[in-house]
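The values are calculated or read from the model by the stated rules, or taken from the named source; none is laboratory data. All values derive from a computational prediction rather than experimental measurement. Heads up, the Cβs are rebuilt from the backbone with ideal geometry, glycines too, and the neighbour counts pull from every protein chain shown.
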Amino acid sequence: MARSEGKGVTDKAVRKARQAAVQQRGQGFSIAEFLGNIWGEWNKVTWPDKTELGKSTFVVVLMLVLISAYLGIVDAVISALFEALGWSG
């Protein structure tokens, strides 16, 4: 059996997976099954507690302030440079 891409997956396994995908497509689309799959994945999610959520929110707001300040400073410097060169509009 030949290995593909060095990841330990055999050609036979790839063919089998493709056949299964083709067969599954032929079965049609079930809204109930789709929603059931969504609910199953939703239950697997690990939600943050209040402490972790607060820390993450703080980091996001802090980065927002820092990036805004940086862009404001860069804008002021570039504007001053353009005015010094006489290219202001």
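Residues that are surrounded by 10 or more Cβ atoms within 10 Å (Cβ to Cβ) and part of a loop (DSSP other than H, G, I, E, B) were ranked within the range 30-54; the one that is modelled with the highest pLDDT is PRO48. Given the structure, is GLN27 among the polar types (S, T, N, Q), modelled with pLDDT under 95 and within 30 Å of the chain's Cα centre (by Cα)? In short, no.
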